[in-house]
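S.K.: I am attaching a structure below and will ask some questions about it afterwards.
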Amino acid sequence: MKHLFYNFKITFKNVELIFWTFAFPIILVTLFYAAFSNISAADDFVAPKVAVIENENSMLVPVYKQIFEKVDALNVSYETDFESAKTKLESEEIAGIATFDDGMEYPKLTIEQNGINQTIIQNIMTEIELSIRSGSEFDEVKIKNTYDRKQEVSMIEYFTLLAMACLYGAMIGTKSLDKNLANMTASGKRIAVAAVSKTKIVLGSLLTSYITQLIGLTILFVYMLAVLKIDFGEHLVGVIGLTMLGALAGLALGTFISAIFKVKDSIKDGITTGFTMLCCFFSGMMGPTVKFAIDSSFPLLNKVNPAALLTDGYYALTNFGVGERFWSDVILLVLFSGVLSFVSIKVLRRQKYDNL
Amino acid sequence: MTTFKTFLRIVQKNLWVIIMYTVMLVLFSIVNSSTGKGQMDFTASKPSVAIVDHDNSKLSAALTEYVKKNADVQEVSEEGDAISDALYYSDIDYVIYLEKGFSDKISNGEDFELEVKSNDSYGSYLAETIVSRFIKIAKSYAPAKEAGIAIRTNNLLENETKAELNTTLDTSGLHNAEFYYDFMNYSILAGLVFAISYATIGFRRRIVKKRLNVSSTSYKKINQDLMLCNFALAAVMLLIYTVLGLFVIGPSVVFTINGLLMMLNSVILTIFAVSFAFLLTNLVEKNDALMAIINVISIGSSFLCGVFVPMQWLPDFVVFIAHALPSFYYVDNNRIFASLEKFDGEHLMPVLVNTGILIAFTVVVIILNNIVSKKKQKE
């Protein structure tokens, strides 16, 4: 208990550590929230604007005009001068210009760039042309969409952020363990010659780290749920459980870095930050498409990436519920933590020094 | 030379940071690059579609052929969550299920409901117009024999509204270049600023500073040498990024006026980044704190200024805040260069304003740097 108390005191006095564990994820999630608060509007359909150049000598302009009145998917305006419409096209006020030659010539479309809006205009104009050519009005096709999108793809960003917060816990683990290692710190040297159980001290340090991580993650989680109102769906317990497992993976990572790398404190922090950011990049933090591309092209990479396993676990849980995929992510995470812990124990066990 | 050698030794130790952010830059650009480079004619955007054909009839084959002409038809496994994953990540926009009896229902002119999975994106809207166009026309020829309907539908579908491009720019290629140079904002602000700050901070440590103060080399000379080292490192990094850009974007885009302007824009951002890194080393003494500040600034400005999320999707208040950050003007310039065709005063004015503001940010940082530096020297 005494060890725990002192460990907490030391941990909470370390400003940088508290920043990475508590403040950085909250700053980042606030930025995410600001950037993604409008993202659902990105896929909302807005009818592309097209200007029709009126030509009195064209027999098709009146026919098209009549049809345009019934078409909601196009925002049609009428112009008499091609050059003024062209200026609007160049300044991206409109996406296309439809011009009609004399007589029964079908219209020609002028666009500024290739794009989805331009393709939509061309598609609708083609459909009108085909309907006129066939001489019949087509019946609408009944379509049933059976895909139920449970959440926006931007949720992946929040999942990667939780994963990042879990893995940043590695910094606490590294610092906690370092202060018990004789080859790293002065306090470690003192502990090495003291008549106390090393196992107790190390376990006490690791427990403190884990509890500190959980406190940080709880604050982050409450902030996301209560302040930002991010919806994690109905499997909240599963999300919390997975986060706790993620914190354990972070701790195992920190222990591993502390045990394996005999370098300066700041370099260990650099390794943790670098590794975590790279893992988060592959998990889709800088764009969810990256995760899908990695999953499709190099599936093995994200099977050993703890951030990707956590992100995929959250995704599986909130989209498909507790199932095979979720458990597979959980098992791989346990394996990741287990292997790192095993190696760390092997390296740290019975370390003795003749001199330092 | 001694300063340069020491600087280089510290940078070498942190080379992994630069490599990491470079890998991210290349991967991000490759993943987000669109196909269709070098196209000067109208090319319809192709939605990603998957077709699950359980009917295996002539009509379902004709529909599949028509969709293939107008969309990127992808193979996707029906097992597990493959379809849901692909729709969620927008790898596929639309999945069409052609159930047994699809052909018979059309041939007989029966009313039926087509089952699809759509992620409600623009791509899915496009896919829906393509599929429903085929079915509408096919139904209009019913009742008739399947083969006859397929032939007549295909014949009519050969007609389409002609479209031509008003521009001579390779818009797809420039769009990819825009992605690449935008992401460079993150790589430069995170990787380069970290490498420079980390190396420079080594000279700012109290004990090293004391030794430097009593050495025969003047403080000014050391500062000048350090500044030269910083710019040399920045120049090497920019050169690497430009060479990588040749592979990722392609020389045909990099060496256009627009591509070269984007490159020049990145040079101006780099000059700002170097000055900013120098200022940081004057303000911050601990490596941990340095890393924290750089992470917040690089990720924060990239999110708020439209690097990770396109600017047009950001809410108005975020765009308003972003105006206070130099990255905003850098990203906005890239956006303009991606479609700039006329290089007259009127069209270049927004670019000049953005560049002016970016330079003003740099000047302010240099002035601040001098003030802080002098203050520290007195201490």
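The values are calculated or read from the model by the stated rules, or taken from the named source; none is laboratory data. Keep in mind the model is a prediction, meaning the values are calculated, not measured. Note that each Cβ is placed from the backbone with ideal geometry, even for glycine, and that neighbours are counted across all protein chains shown.
S.K.: Given the condition touching a residue at least 24 places away in the same chain (Cβ under 8 Å) and among the hydrophobic types (A, V, I, L, M, F, W, C), answer yes or no: does some residue in the stretch B:310-319 qualify?
M.R.: Pass one, the stretch B:310-319, residues touching a residue at least 24 places away in the same chain (Cβ under 8 Å): B:311.
After this cut, where a residue has to be among the hydrophobic types (A, V, I, L, M, F, W, C) as well, the list is B:311.
Yes, the conditions are met somewhere in the stretch B:310-319.
S.K.: Give all pairs with beta carbons closer than 7 Å in which a residue from the stretch A:65-89 that is among the basic types (Lys, Arg) meets a residue that is surrounded by 13 or more Cβ atoms within 10 Å (Cβ to Cβ); count only pairs at least 6 apart in sequence or on separate chains.
M.R.: Pairs found: A:86/A:97; A:86/B:166; A:88/A:51; A:88/A:94.
S.K.: Continuing with this model, one more query. What about residue A:100, is it surrounded by 15 or more Cβ atoms within 10 Å (Cβ to Cβ), of a type outside the set (D, E, K, R) and in contact with a Pro (Cβ under 6 Å, 6 or more places away or on another chain)? First the steps, then the outcome.
M.R.: Values: surrounded by 15 or more Cβ atoms within 10 Å (Cβ to Cβ): yes; of a type outside the set (D, E, K, R): yes; in contact with a Pro (Cβ under 6 Å, 6 or more places away or on another chain): yes.
So residue A:100 passes the test.
S.K.: What do you reckon, is residue A:301 touching a residue at least 12 places away in the same chain (Cβ under 8 Å) and at negative phi?
M.R.: When the stated conditions are applied, residue A:301 passes them.
S.K.: When the residues of the stretch A:134-188 are narrowed to those that are of a type in the set (Lys, Arg) and touching a Gly at 6+ places or on another chain (Cβ under 9 Å), which ends up farthest from residue A:308 (Cα to Cα)?
M.R.: Of all residues in the stretch A:134-188, those of a type in the set (Lys, Arg) come to A:142, A:144, A:149-150, A:175, A:179.
Next, only the ones that are touching a Gly at 6+ places or on another chain (Cβ under 9 Å) stay: A:150, A:175, A:179.
On the way: A:150: 20, A:175: 25, A:179: 30 Å.
This residue is A:179.
S.K.: List pairs: first residue in the stretch B:180-205 and of a type in the set (Gly, Ala, Ser), second residue not in a helix (DSSP H, G or I) anywhere in the structure, Cβ distance under 6 angstrom, at least six positions apart or on different chains.
M.R.: Hits for this filter: B:195/B:14.
Every residue, every condition in (1) crowded, with 20+ Cβ neighbours inside 10 Å; (2) within 18 Å of residue B:124 (Cβ to Cβ); (3) touching a residue at least 24 places away in the same chain (Cβ under 8 Å); (4) under 30 Å from the mean Cα position of the chain (by Cα), yes or no:
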site: A:114; (1), (2), (3), (4): yes, no, no, yes
site: A:125; (1), (2), (3), (4): yes, no, yes, no
site: A:142; (1), (2), (3), (4): no, yes, no, no
site: A:158; (1), (2), (3), (4): yes, no, yes, yes
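S.K.: Would you tally the residues in the stretch A:115-156 being assigned to a helix (DSSP H, G or I) and either farther than 15 Å from residue B:131 by Cβ or in the same structural domain as residue A:281 (by TED's automatic domain parsing) (or both)? Give the steps one after another, and end with the answer.
M.R.: First, pick out the residues of the stretch A:115-156 that are assigned to a helix (DSSP H, G or I): A:116-134, A:155-156.
Subset that is either farther than 15 Å from residue B:131 by Cβ or in the same structural domain as residue A:281 (by TED's automatic domain parsing) (or both): A:116-118, A:121-122, A:125, A:128-129, A:131-134, A:155-156.
Selection size over the stretch A:115-156: 14.
S.K.: Among the residues of the stretch B:264-292, write down those that are surrounded by fewer than 17 Cβ atoms within 10 Å (Cβ to Cβ) and either free of Cβ contacts under 8 Å to residues at least 24 places away in the same chain or not aliphatic (A, V, I, L, M) (or both).
M.R.: Those that are surrounded by fewer than 17 Cβ atoms within 10 Å (Cβ to Cβ) and either free of Cβ contacts under 8 Å to residues at least 24 places away in the same chain or not aliphatic (A, V, I, L, M) (or both): B:264, B:285, B:286, B:289.
S.K.: For the stretch B:66-83, give me the residue count where each residue is touching a residue at least 12 places away in the same chain (Cβ under 8 Å) and over 17 Å from residue B:126 (Cβ atoms).
M.R.: Of all residues in the stretch B:66-83, those touching a residue at least 12 places away in the same chain (Cβ under 8 Å) come to B:66-67, B:70-76, B:78, B:83.
Pick out the ones that are also over 17 Å from residue B:126 (Cβ atoms) and you get B:75-76, B:78, B:83.
Qualifying residue count, the stretch B:66-83: 4.
S.K.: Sort out which residues of the stretch B:167-196 are under 30 Å from residue B:309 (Cβ atoms) and outside any helix (DSSP H, G or I), and write them in order of number.
M.R.: First, the residues of the stretch B:167-196 that are under 30 Å from residue B:309 (Cβ atoms): B:167, B:169-196.
Matches in the stretch B:167-196: B:167, B:169, B:170.
S.K.: Next question. So, residue A:173, is that one within 22 Å of residue A:151 (Cβ to Cβ) and buried (at least 20 other Cβ atoms within 10 Å of the Cβ) or not?
M.R.: Numbers: within 22 Å of residue A:151 (Cβ to Cβ): no; buried (at least 20 other Cβ atoms within 10 Å of the Cβ): yes.
Answer is no for this residue.
S.K.: Going through the stretch B:87-144 one residue at a time, which ones are of a type outside the set (S, T, N, Q) and on the phi > 0 side of the Ramachandran plot?
M.R.: B:101, B:109, B:120
S.K.: Okay, next question. Quick check on residue A:92: is it surrounded by fewer than 20 Cβ atoms within 10 Å (Cβ to Cβ), charged (D, E, K, R) and within 11 Å of chain B (Cβ to nearest Cβ)?
M.R.: Working: surrounded by fewer than 20 Cβ atoms within 10 Å (Cβ to Cβ): yes; charged (D, E, K, R): yes; within 11 Å of chain B (Cβ to nearest Cβ): yes.
The answer is yes for residue A:92.
S.K.: Another one. Would you be able to tell me the number of residues in the stretch B:214-236 that are among the hydrophobic types (A, V, I, L, M, F, W, C) and under 15 Å from residue B:197 (Cα atoms)?
M.R.: Restricting attention to the stretch B:214-236, the residues satisfying the condition of being among the hydrophobic types (A, V, I, L, M, F, W, C) are B:214, B:222, B:226-229, B:231-236.
Filter once more, so that each one left must be under 15 Å from residue B:197 (Cα atoms): B:226-229, B:231-234.
So the count comes out to 8.
S.K.: A follow-up question, please. Within the stretch B:71-120, count every residue that is over 29 Å from residue A:294 (Cβ atoms) and not basic (Lys, Arg).
M.R.: The first filter runs over the stretch B:71-120 and keeps only residues over 29 Å from residue A:294 (Cβ atoms), leaving B:98-115.
When the remaining residues are screened for being not basic (Lys, Arg), the result is B:98-99, B:101-104, B:106-115.
The qualifying residues number 16.
S.K.: Let me spell it out: the conditions are (1) part of a helix (DSSP H, G or I); (2) among the hydrophobic types (A, V, I, L, M, F, W, C); (3) surrounded by 23 or more Cβ atoms within 10 Å (Cβ to Cβ), and residue B:227 meets all of them except one. Which number is the exception?
M.R.: The one condition residue B:227 does not meet is (3).
S.K.: So which of B:318, B:331 ends up being at pLDDT 85 or above, in a helix (DSSP H, G or I), in the same structural domain as residue B:361 (by TED's automatic domain parsing) and touching an Asp or Glu at 6+ places or on another chain (Cβ under 7 Å)? Working first, answer last.
M.R.: Numbers: B:318 fails: touching an Asp or Glu at 6+ places or on another chain (Cβ under 7 Å).
Result of the check over B:318, B:331: B:331.
S.K.: Answer yes or no as to whether residue B:269 is within 14 Å of residue B:177 (Cβ to Cβ), of a type outside the set (D, E, K, R) and modelled with pLDDT of 90 or more. Break it down stepwise before answering.
M.R.: Details: within 14 Å of residue B:177 (Cβ to Cβ): no; of a type outside the set (D, E, K, R): yes; modelled with pLDDT of 90 or more: yes.
In short, no.
S.K.: For residue B:306, only one of the following conditions fails: (1) out of contact with any helix residue (DSSP H, G or I) (no Cβ under 8 Å at 6 or more places or on another chain); (2) at positive phi. What is its number?
M.R.: Of the numbered conditions (1) out of contact with any helix residue (DSSP H, G or I) (no Cβ under 8 Å at 6 or more places or on another chain); (2) at positive phi, the odd one out for residue B:306 is (1).
S.K.: Which residue pairs have Cβ atoms under 9 Å apart, sit 6 or more places apart or on different chains, and have a first residue in the stretch A:220-237 that is under 24 Å from residue A:320 (Cβ atoms) and a second that is basic (Lys, Arg)?
M.R.: What qualifies is A:233/A:150.
S.K.: Considering only the stretch A:183-276, give the helices (runs of 4 or more DSSP H) lying wholly within it that have at least 1 residues that are basic (Lys, Arg). Working first, answer last.
M.R.: Numbers: elements: A:186-193, A:198-222, A:236-260.
The qualifying helices (runs of 4 or more DSSP H) are A:186-193, A:198-222.
S.K.: Which condition does residue B:21 not pass, out of (1) at pLDDT 80 or above; (2) assigned to a helix (DSSP H, G or I), if it passes all the others?
M.R.: Against the list (1) at pLDDT 80 or above; (2) assigned to a helix (DSSP H, G or I), residue B:21 comes up short only on (1).
S.K.: Only one of B:207, B:257, B:201, B:240 is crowded, with 16+ Cβ neighbours inside 10 Å and either of a type in the set (A, V, I, L, M, F, W, C) or not assigned by TED's automatic domain parsing to the domain that holds residue B:297 (or both). Can you tell me which? Quick ask: steps written out before the conclusion?
M.R.: Values: B:207 fails: crowded, with 16+ Cβ neighbours inside 10 Å; B:257 fails: crowded, with 16+ Cβ neighbours inside 10 Å; B:240 fails: crowded, with 16+ Cβ neighbours inside 10 Å.
Result of the check over B:207, B:257, B:201, B:240: B:201.
S.K.: Residues A:293, A:252: which one is in contact (Cβ under 8 Å) with a residue 24 or more places away in the chain and not basic (Lys, Arg)?
M.R.: On the way: A:293 fails: in contact (Cβ under 8 Å) with a residue 24 or more places away in the chain.
The unique qualifying residue is A:252.
S.K.: Can you tell which of A:168, A:147, A:106 is more than 28 Å from residue A:287 (Cα to Cα), of a type in the set (Phe, Trp, Tyr) and either facing chain B (nearest Cβ under 9 Å) or out of contact with any strand residue (DSSP E or B) (no Cβ under 9 Å at 6 or more places or on another chain) (or both)?
M.R.: Going through A:168, A:147, A:106 in turn, the sole match is A:106.
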